[in-house]
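The values are calculated or read from the model by the stated rules, or taken from the named source; none is laboratory data. As the structure is a prediction and not an experimental result, all values here were calculated from the model. FYI the Cβ positions are ideal-geometry reconstructions off the backbone, even for glycines, and counts take in every protein chain you see. Just the protein is used for accessible areas: all its heavy atoms, side chains included, with ligands, DNA and RNA removed. Shrake-Rupley method; radii C 1.70, N 1.55, O 1.52, S 1.80 Å.
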Amino acid sequence: MAFNPADQIQDLQYFGEFGGVNPSISDSSTYTFLAAKSMIDTFEGNLAGCYLYSRHMSPSTLYLSQALAAMEGTETANVSSSGMGSISTALLQVCNQGDHIVSSRTIYGGTYALLKNFMPKFGIETSFVDITNLDKIEAEIKEDTKVLYCESISNPLLEIADIRSLAELAKKYDLTLMVDNTFSPLQISPAQLGADLVIHSLTKFINGTSDTVGGVICGSNDFIDSMRSVNDGAAMLLGPVMDSLRAASILKNLRTLHIRMKKHSENAMYLAKRFQEDGYKVIYPGLENHPQHELYKTMSNPEYGFGGMLTLDAGSLEKADDLMELMQKRNLGYLAVSLGFYKTLFNAPGTATSSEIPADEQAEMGLTDGLIRFSIGLDNNIERTYEEMKRCLVELDVIQKVRV
Ligand code: PLP
(Lines give C-alpha, C1' and ligand atoms only; values in the text may rest on other atoms or scores of the structure.)
Protein backbone atom coordinates (compact mmCIF):
# COMPACT_ATOMS: atom_id res chain seq x y z
CA MET A 1 0.00 0.00 0.00
CA ALA A 2 1.23 3.54 -0.74
CA PHE A 3 2.91 5.40 2.09
CA ASN A 4 0.42 7.64 3.86
CA PRO A 5 1.89 9.90 6.57
CA ALA A 6 -1.37 10.41 8.47
CA ASP A 7 -2.01 6.64 8.61
CA GLN A 8 1.50 6.22 9.96
CA ILE A 9 0.62 8.54 12.86
CA GLN A 10 -2.76 6.86 13.38
CA ASP A 11 -1.14 3.44 13.58
CA LEU A 12 0.96 4.37 16.61
CA GLN A 13 -0.45 3.18 19.90
CA TYR A 14 0.68 4.39 23.28
CA PHE A 15 -1.02 5.29 26.49
CA GLY A 16 0.00 6.43 29.93
CA GLU A 17 1.30 4.17 32.66
CA PHE A 18 -1.98 4.64 34.55
CA GLY A 19 -4.06 3.71 31.52
CA GLY A 20 -4.63 7.30 30.43
CA VAL A 21 -5.41 7.56 26.71
CA ASN A 22 -2.60 10.07 26.43
CA PRO A 23 0.93 9.21 27.52
CA SER A 24 1.82 10.64 30.93
CA ILE A 25 3.92 13.81 30.78
CA SER A 26 7.37 13.36 32.27
CA ASP A 27 7.92 15.98 34.91
CA SER A 28 11.60 15.33 35.54
CA SER A 29 14.84 16.82 34.28
CA THR A 30 16.88 13.88 35.58
CA TYR A 31 16.34 10.14 36.02
CA THR A 32 17.43 7.60 38.62
CA PHE A 33 19.48 4.49 37.98
CA LEU A 34 19.05 1.45 40.18
CA ALA A 35 22.61 0.33 39.49
CA ALA A 36 25.57 2.69 39.27
CA LYS A 37 27.01 0.58 36.43
CA SER A 38 23.95 1.35 34.27
CA MET A 39 24.69 5.06 34.53
CA ILE A 40 28.25 4.52 33.30
CA ASP A 41 26.96 2.34 30.44
CA THR A 42 24.41 4.99 29.47
CA PHE A 43 27.10 7.70 29.36
CA GLU A 44 29.20 5.47 27.17
CA GLY A 45 26.25 4.94 24.85
CA ASN A 46 26.07 1.21 25.58
CA LEU A 47 22.67 1.11 27.21
CA ALA A 48 19.75 1.98 24.96
CA GLY A 49 16.30 2.66 26.36
CA CYS A 50 17.42 4.41 29.55
CA TYR A 51 16.63 8.00 30.30
CA LEU A 52 19.53 10.00 31.61
CA TYR A 53 18.79 13.70 31.59
CA SER A 54 16.10 15.67 29.75
CA ARG A 55 18.57 17.64 27.58
CA HIS A 56 19.31 14.26 26.07
CA MET A 57 15.68 13.12 25.83
CA SER A 58 12.63 12.62 28.02
CA PRO A 59 9.75 10.16 27.60
CA SER A 60 7.60 13.05 26.32
CA THR A 61 10.10 14.32 23.74
CA LEU A 62 10.71 10.73 22.65
CA TYR A 63 6.96 10.11 22.07
CA LEU A 64 6.72 13.20 19.89
CA SER A 65 9.94 12.33 18.05
CA GLN A 66 8.65 8.84 17.31
CA ALA A 67 5.36 10.18 15.97
CA LEU A 68 7.15 12.63 13.67
CA ALA A 69 9.54 9.90 12.48
CA ALA A 70 6.48 7.76 11.68
CA MET A 71 4.95 10.65 9.76
CA GLU A 72 8.07 11.10 7.61
CA GLY A 73 8.85 7.39 7.43
CA THR A 74 12.37 7.74 8.87
CA GLU A 75 13.97 5.46 11.45
CA THR A 76 13.81 8.07 14.17
CA ALA A 77 13.79 11.81 14.93
CA ASN A 78 14.92 14.39 17.47
CA VAL A 79 12.72 17.29 18.52
CA SER A 80 14.16 20.60 19.65
CA SER A 81 13.00 23.91 21.02
CA SER A 82 12.69 25.61 17.60
CA GLY A 83 12.97 25.00 13.87
CA MET A 84 16.22 26.98 13.89
CA GLY A 85 17.47 24.81 16.76
CA SER A 86 16.98 21.74 14.56
CA ILE A 87 18.43 23.32 11.40
CA SER A 88 21.54 24.74 13.08
CA THR A 89 22.38 21.63 15.09
CA ALA A 90 21.86 19.28 12.12
CA LEU A 91 24.10 21.42 9.90
CA LEU A 92 26.78 21.65 12.58
CA GLN A 93 26.60 17.89 13.09
CA VAL A 94 27.17 17.14 9.40
CA CYS A 95 29.70 19.88 8.59
CA ASN A 96 33.25 20.33 9.82
CA GLN A 97 35.46 23.39 9.50
CA GLY A 98 36.26 24.02 5.84
CA ASP A 99 33.18 22.24 4.53
CA HIS A 100 30.85 23.70 1.94
CA ILE A 101 27.06 23.74 1.55
CA VAL A 102 24.99 24.17 -1.61
CA SER A 103 21.65 25.70 -0.69
CA SER A 104 18.54 26.91 -2.43
CA ARG A 105 18.55 30.72 -2.52
CA THR A 106 14.83 30.90 -1.74
CA ILE A 107 14.66 29.72 1.85
CA TYR A 108 13.39 31.11 5.14
CA GLY A 109 15.28 34.34 5.96
CA GLY A 110 16.60 32.99 9.28
CA THR A 111 18.10 29.93 7.59
CA TYR A 112 19.56 32.18 4.90
CA ALA A 113 21.18 34.41 7.56
CA LEU A 114 22.52 31.36 9.43
CA LEU A 115 24.19 30.03 6.28
CA LYS A 116 25.38 33.36 4.95
CA ASN A 117 26.43 35.25 8.09
CA PHE A 118 26.90 32.78 10.94
CA MET A 119 28.32 29.53 9.57
CA PRO A 120 31.37 31.26 7.98
CA LYS A 121 32.54 31.89 11.60
CA PHE A 122 33.27 28.16 11.63
CA GLY A 123 34.80 28.16 8.15
CA ILE A 124 31.62 26.70 6.62
CA GLU A 125 30.69 28.52 3.40
CA THR A 126 27.48 28.29 1.37
CA SER A 127 26.75 28.77 -2.33
CA PHE A 128 23.17 29.84 -2.97
CA VAL A 129 21.53 28.54 -6.14
CA ASP A 130 18.25 28.51 -8.03
CA ILE A 131 16.91 25.20 -6.72
CA THR A 132 14.89 24.61 -9.89
CA ASN A 133 18.06 24.55 -12.04
CA LEU A 134 19.75 21.15 -11.56
CA ASP A 135 22.67 21.96 -13.89
CA LYS A 136 23.55 25.05 -11.88
CA ILE A 137 23.31 23.09 -8.63
CA GLU A 138 25.66 20.41 -9.95
CA ALA A 139 28.10 23.07 -11.16
CA GLU A 140 28.35 24.47 -7.61
CA ILE A 141 29.29 21.13 -6.02
CA LYS A 142 32.96 21.09 -4.99
CA GLU A 143 35.24 18.53 -3.40
CA ASP A 144 34.49 19.81 0.11
CA THR A 145 30.71 20.12 -0.39
CA LYS A 146 28.89 18.12 2.29
CA VAL A 147 25.27 19.26 2.24
CA LEU A 148 22.58 19.97 -0.32
CA TYR A 149 19.94 22.09 1.42
CA CYS A 150 16.45 23.12 0.30
CA GLU A 151 12.82 23.57 1.30
CA SER A 152 10.23 21.31 -0.39
CA ILE A 153 8.05 24.37 -1.00
CA SER A 154 10.20 27.44 -0.59
CA ASN A 155 9.56 30.34 1.73
CA PRO A 156 8.24 32.73 0.50
CA LEU A 157 8.24 32.20 -3.31
CA LEU A 158 6.62 28.74 -3.21
CA GLU A 159 9.10 27.18 -5.61
CA ILE A 160 9.02 23.39 -5.54
CA ALA A 161 12.26 21.41 -5.20
CA ASP A 162 12.65 18.31 -7.35
CA ILE A 163 13.54 16.10 -4.38
CA ARG A 164 14.03 12.86 -6.39
CA SER A 165 16.56 14.51 -8.72
CA LEU A 166 18.30 16.27 -5.83
CA ALA A 167 18.57 12.93 -4.02
CA GLU A 168 20.25 11.44 -7.10
CA LEU A 169 22.74 14.30 -7.15
CA ALA A 170 23.37 13.89 -3.43
CA LYS A 171 24.03 10.20 -3.92
CA LYS A 172 26.35 10.81 -6.86
CA TYR A 173 28.54 13.22 -4.87
CA ASP A 174 28.09 11.63 -1.44
CA LEU A 175 26.25 14.63 0.04
CA THR A 176 23.62 14.81 2.76
CA LEU A 177 20.32 16.03 1.32
CA MET A 178 18.53 18.10 3.99
CA VAL A 179 14.96 19.13 3.20
CA ASP A 180 12.96 21.62 5.27
CA ASN A 181 9.36 20.38 4.89
CA THR A 182 7.71 23.05 7.07
CA PHE A 183 5.36 24.30 4.31
CA SER A 184 4.17 20.83 3.26
CA PRO A 185 3.72 18.45 6.18
CA LEU A 186 1.76 15.38 4.91
CA GLN A 187 1.56 16.72 1.33
CA ILE A 188 5.18 15.86 0.59
CA SER A 189 7.21 13.09 2.27
CA PRO A 190 10.82 13.99 1.37
CA ALA A 191 12.44 10.92 2.94
CA GLN A 192 10.27 8.71 0.72
CA LEU A 193 11.69 10.59 -2.28
CA GLY A 194 15.29 10.11 -1.19
CA ALA A 195 16.09 12.93 1.28
CA ASP A 196 18.50 11.96 4.08
CA LEU A 197 17.22 14.41 6.68
CA VAL A 198 13.80 16.06 6.95
CA ILE A 199 13.33 19.17 9.08
CA HIS A 200 10.23 20.90 10.32
CA SER A 201 9.55 24.04 12.22
CA LEU A 202 6.83 22.53 14.43
CA THR A 203 5.84 26.11 15.25
CA LYS A 204 3.77 26.20 12.05
CA PHE A 205 1.19 23.74 10.63
CA ILE A 206 2.21 20.76 12.75
CA ASN A 207 1.41 22.39 16.08
CA GLY A 208 -1.15 24.65 14.42
CA THR A 209 -2.15 26.76 17.40
CA SER A 210 0.55 29.47 17.32
CA ASP A 211 1.27 28.99 21.02
CA THR A 212 4.78 27.58 20.91
CA VAL A 213 7.96 27.24 18.88
CA GLY A 214 9.50 23.86 18.20
CA GLY A 215 11.51 21.92 15.66
CA VAL A 216 12.40 18.40 14.57
CA ILE A 217 14.99 16.61 12.52
CA CYS A 218 13.95 13.22 11.14
CA GLY A 219 16.62 10.79 9.93
CA SER A 220 18.48 7.56 10.51
CA ASN A 221 19.20 6.04 13.91
CA ASP A 222 22.92 6.58 13.35
CA PHE A 223 22.57 10.26 12.56
CA ILE A 224 20.15 11.07 15.39
CA ASP A 225 22.28 9.09 17.86
CA SER A 226 25.30 11.11 16.75
CA MET A 227 23.38 14.36 17.41
CA ARG A 228 22.58 13.15 20.92
CA SER A 229 26.09 11.93 21.77
CA VAL A 230 27.31 13.23 25.13
CA ASN A 231 30.79 13.60 23.64
CA ASP A 232 30.28 15.36 20.33
CA GLY A 233 26.54 15.61 19.58
CA ALA A 234 25.38 19.06 18.46
CA ALA A 235 21.88 18.61 19.97
CA MET A 236 23.26 17.43 23.31
CA LEU A 237 26.08 19.98 23.53
CA LEU A 238 24.38 23.09 22.14
CA GLY A 239 21.23 22.18 24.05
CA PRO A 240 18.14 23.51 22.18
CA VAL A 241 15.94 21.11 24.11
CA MET A 242 12.15 21.00 23.95
CA ASP A 243 10.30 21.01 27.25
CA SER A 244 8.27 17.87 28.05
CA LEU A 245 5.06 19.80 28.62
CA ARG A 246 5.32 21.38 25.16
CA ALA A 247 6.20 18.06 23.55
CA ALA A 248 3.03 16.53 25.01
CA SER A 249 0.88 19.40 23.76
CA ILE A 250 2.36 19.32 20.22
CA LEU A 251 1.79 15.54 20.09
CA LYS A 252 -1.91 16.07 20.83
CA ASN A 253 -2.19 18.70 18.07
CA LEU A 254 -0.35 16.46 15.59
CA ARG A 255 -3.26 14.04 15.65
CA THR A 256 -5.55 16.47 13.84
CA LEU A 257 -2.95 17.61 11.31
CA HIS A 258 -4.52 15.66 8.41
CA ILE A 259 -7.92 17.26 8.93
CA ARG A 260 -6.42 20.71 9.23
CA MET A 261 -4.13 20.36 6.20
CA LYS A 262 -7.01 19.29 3.99
CA LYS A 263 -8.98 22.38 5.02
CA HIS A 264 -5.99 24.74 4.67
CA SER A 265 -5.40 23.33 1.17
CA GLU A 266 -9.07 23.49 0.15
CA ASN A 267 -9.38 27.11 1.29
CA ALA A 268 -6.08 28.20 -0.31
CA MET A 269 -7.04 26.53 -3.59
CA TYR A 270 -10.41 28.29 -3.61
CA LEU A 271 -8.88 31.73 -3.01
CA ALA A 272 -6.01 31.17 -5.48
CA LYS A 273 -8.44 30.21 -8.24
CA ARG A 274 -10.82 33.09 -7.59
CA PHE A 275 -8.03 35.69 -7.38
CA GLN A 276 -6.45 34.34 -10.54
CA GLU A 277 -9.81 34.54 -12.37
CA ASP A 278 -10.07 38.15 -11.20
CA GLY A 279 -6.70 38.91 -12.80
CA TYR A 280 -4.51 39.20 -9.71
CA LYS A 281 -0.93 38.03 -9.69
CA VAL A 282 -1.16 35.04 -7.42
CA ILE A 283 1.29 32.20 -6.89
CA TYR A 284 -0.03 28.85 -5.67
CA PRO A 285 1.34 25.35 -6.42
CA GLY A 286 -2.21 24.16 -7.15
CA LEU A 287 -2.63 26.54 -10.10
CA GLU A 288 -1.78 25.10 -13.49
CA ASN A 289 0.38 28.11 -14.35
CA HIS A 290 2.71 27.42 -11.39
CA PRO A 291 6.04 26.43 -13.03
CA GLN A 292 6.35 23.27 -10.91
CA HIS A 293 2.65 22.34 -10.75
CA GLU A 294 3.20 19.04 -12.61
CA LEU A 295 6.37 18.25 -10.64
CA TYR A 296 4.47 18.79 -7.38
CA LYS A 297 1.85 16.26 -8.48
CA THR A 298 4.53 13.63 -9.11
CA MET A 299 5.88 14.09 -5.57
CA SER A 300 2.84 14.69 -3.39
CA ASN A 301 0.43 12.60 -1.37
CA PRO A 302 -2.61 13.85 -3.31
CA GLU A 303 -5.32 13.74 -0.66
CA TYR A 304 -3.67 16.61 1.27
CA GLY A 305 -3.82 19.04 -1.65
CA PHE A 306 -1.40 21.82 -2.50
CA GLY A 307 -0.96 23.38 0.93
CA GLY A 308 -2.10 26.46 2.77
CA MET A 309 0.43 28.99 1.46
CA LEU A 310 -0.16 31.43 -1.38
CA THR A 311 1.24 34.78 -2.44
CA LEU A 312 -0.43 37.77 -4.03
CA ASP A 313 1.47 40.73 -5.45
CA ALA A 314 -0.12 44.03 -4.48
CA GLY A 315 2.20 45.96 -6.80
CA SER A 316 4.13 48.01 -4.23
CA LEU A 317 5.05 47.91 -0.57
CA GLU A 318 2.65 50.79 0.18
CA LYS A 319 -0.26 48.95 -1.42
CA ALA A 320 0.71 45.75 0.36
CA ASP A 321 0.83 47.56 3.71
CA ASP A 322 -2.53 49.27 3.12
CA LEU A 323 -4.12 46.00 2.05
CA MET A 324 -2.83 44.06 5.04
CA GLU A 325 -3.97 46.75 7.46
CA LEU A 326 -7.41 46.84 5.87
CA MET A 327 -7.77 43.06 5.86
CA GLN A 328 -6.85 42.96 9.54
CA LYS A 329 -9.37 45.71 10.30
CA ARG A 330 -12.06 43.66 8.53
CA ASN A 331 -11.07 40.63 10.63
CA LEU A 332 -9.95 38.56 7.65
CA GLY A 333 -6.75 37.56 9.39
CA TYR A 334 -3.76 38.94 11.26
CA LEU A 335 -0.80 40.93 10.02
CA ALA A 336 1.72 38.59 11.59
CA VAL A 337 4.68 36.43 10.69
CA SER A 338 4.48 32.63 10.98
CA LEU A 339 1.98 30.25 9.44
CA GLY A 340 -0.35 27.34 10.01
CA PHE A 341 -2.86 29.07 12.30
CA TYR A 342 -6.67 28.74 12.23
CA LYS A 343 -6.85 32.40 11.21
CA THR A 344 -5.24 33.60 8.01
CA LEU A 345 -1.85 35.24 8.64
CA PHE A 346 -0.18 37.63 6.20
CA ASN A 347 2.99 39.67 5.90
CA ALA A 348 5.14 41.25 3.20
CA PRO A 349 8.21 38.98 3.43
CA GLY A 350 10.61 41.31 1.60
CA THR A 351 10.58 43.58 4.65
CA ALA A 352 9.76 40.92 7.27
CA THR A 353 10.49 37.17 7.24
CA SER A 354 12.96 37.48 4.33
CA SER A 355 14.44 40.87 5.29
CA GLU A 356 17.75 39.13 6.06
CA ILE A 357 18.16 38.64 2.30
CA PRO A 358 19.82 41.75 0.74
CA ALA A 359 17.63 43.82 -1.62
CA ASP A 360 19.66 43.01 -4.76
CA GLU A 361 19.40 39.28 -4.07
CA GLN A 362 15.67 39.61 -3.40
CA ALA A 363 15.32 41.28 -6.81
CA GLU A 364 17.34 38.55 -8.50
CA MET A 365 15.18 35.78 -7.08
CA GLY A 366 11.95 37.60 -7.95
CA LEU A 367 10.93 38.64 -4.43
CA THR A 368 9.12 41.93 -5.01
CA ASP A 369 8.28 44.60 -2.40
CA GLY A 370 4.55 44.25 -2.93
CA LEU A 371 4.46 40.48 -2.47
CA ILE A 372 2.17 39.39 0.35
CA ARG A 373 2.59 35.90 1.77
CA PHE A 374 -0.65 34.37 3.02
CA SER A 375 -1.02 31.40 5.31
CA ILE A 376 -4.67 30.63 4.63
CA GLY A 377 -6.71 29.75 7.70
CA LEU A 378 -9.38 27.19 8.47
CA ASP A 379 -12.29 29.54 7.62
CA ASN A 380 -15.56 27.63 7.61
CA ASN A 381 -17.04 29.74 4.81
CA ILE A 382 -14.21 30.58 2.43
CA GLU A 383 -16.57 32.11 -0.12
CA ARG A 384 -17.57 34.73 2.44
CA THR A 385 -13.88 35.37 3.15
CA TYR A 386 -13.18 35.74 -0.58
CA GLU A 387 -15.99 38.26 -1.06
CA GLU A 388 -14.68 40.43 1.78
CA MET A 389 -11.05 40.15 0.61
CA LYS A 390 -12.16 41.12 -2.86
CA ARG A 391 -13.92 44.19 -1.45
CA CYS A 392 -10.61 45.21 0.20
CA LEU A 393 -8.69 44.74 -3.06
CA VAL A 394 -11.21 46.75 -5.06
CA GLU A 395 -11.44 49.48 -2.42
CA LEU A 396 -7.68 49.96 -2.55
CA ASP A 397 -7.62 49.75 -6.32
CA VAL A 398 -5.12 46.91 -6.29
CA ILE A 399 -6.58 45.29 -9.38
CA GLN A 400 -5.51 48.04 -11.80
CA LYS A 401 -1.92 47.72 -10.63
CA VAL A 402 -1.13 44.07 -11.14
CA ARG A 403 -3.35 42.48 -13.72
CA VAL A 404 -1.60 39.51 -15.34
N1 PLP B 1 11.86 26.85 8.23
C2 PLP B 1 10.87 27.56 7.66
C3 PLP B 1 10.41 27.22 6.27
C4 PLP B 1 10.29 28.63 8.35
O5 PLP B 1 9.31 29.33 7.78
C6 PLP B 1 10.76 28.93 9.66
C7 PLP B 1 10.18 30.05 10.44
O8 PLP B 1 9.48 30.89 9.96
C9 PLP B 1 11.78 28.16 10.21
C10 PLP B 1 12.30 27.11 9.47
C11 PLP B 1 12.32 28.44 11.58
O12 PLP B 1 11.51 27.87 12.53
P13 PLP B 1 11.35 28.41 14.04
O14 PLP B 1 10.79 29.78 13.96
O15 PLP B 1 10.47 27.41 14.69
O16 PLP B 1 12.73 28.43 14.62
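Being of a type in the set (A, V, I, L, M), open to solvent by 20 Å² or more (accessible area, probe 1.4 Å) and not assigned by TED's automatic domain parsing to the domain that holds SER88, is that true of even one residue in region 262-272? Checking region 262-272: at least one residue is of a type in the set (A, V, I, L, M), open to solvent by 20 Å² or more (accessible area, probe 1.4 Å) and not assigned by TED's automatic domain parsing to the domain that holds SER88.
If a residue has to be within 16 Å of the ligand (Cβ to nearest atom), of a type in the set (Gly, Ala, Ser), surrounded by fewer than 24 Cβ atoms within 10 Å (Cβ to Cβ) and under 21 Å from LYS116 (Cβ atoms) to count, how many in region 333-378 make the cut? Number of matching residues: 3. Against the test of being touching a Phe, Trp or Tyr at 6+ places or on another chain (Cβ under 8 Å) and either open to solvent by less than 10 Å² (accessible area, probe 1.4 Å) or of a type outside the set (Phe, Trp, Tyr) (or both), the options GLN13, GLN66, GLN8, GLN93 yield a single qualifying residue, GLN93.
Candidates ALA248, ALA314: the one that is outside the structural domain of GLN10 (by TED's automatic domain parsing), of a type outside the set (Asp, Glu) and open to solvent by less than 20 Å² (accessible area, probe 1.4 Å) is ALA314.
Considering GLN187, GLN192, the condition of being touching a residue at least 40 places away in the same chain (Cβ under 8 Å), farther than 19 Å from VAL79 by Cα and out of contact with any strand residue (DSSP E or B) (no Cβ under 6 Å at 6 or more places or on another chain) is satisfied by GLN192 alone. For region 80-90, enumerate the residues that are open to solvent by 10 Å² or more (accessible area, probe 1.4 Å) and of a type in the set (A, V, I, L, M, F, W, C). Of everything in region 80-90, just one residue is open to solvent by 10 Å² or more (accessible area, probe 1.4 Å) and of a type in the set (A, V, I, L, M, F, W, C), namely MET84. Applying the condition of being part of a loop (DSSP other than H, G, I, E, B) and within 17 Å of the chain's Cα centre (by Cα) to region 336-363 and asking which residue is farthest from GLU266 (Cα to Cα) yields SER354. Reported count of residues in region 51-70, each being in contact with a strand residue (DSSP E or B) (Cβ under 8 Å, 6 or more places away or on another chain) and part of a helix (DSSP H, G or I), is 6. The residues on offer are VAL198, VAL179, VAL213, and the sole one that is at pLDDT 95 or above, within 16 Å of the ligand (Cβ to nearest atom), within 14 Å of the chain's Cα centre (by Cα) and more than 25 Å from ASP7 (Cβ to Cβ) is VAL213.
Among the residues here, TYR334 qualifies as of a type in the set (Phe, Trp, Tyr) and more than 30 Å from ALA2 (Cβ to Cβ). Scanning region 141-157 for residues that are within 11 Å of the ligand (Cβ to nearest atom) and either of a type in the set (D, E, K, R) or assigned to a loop (DSSP other than H, G, I, E, B) (or both) gives GLU151, SER152, SER154, ASN155, PRO156. Filtering region 203-235 to residues that are under 17 Å from MET84 (Cβ atoms) and either assigned to a helix (DSSP H, G or I) or not assigned by TED's automatic domain parsing to the domain that holds ILE25 (or both) leaves MET227, ALA234, ALA235.
Screening GLY239, GLY286, GLY233 for residues that are modelled with pLDDT of 95 or more and at positive phi leaves exactly one candidate, GLY239.
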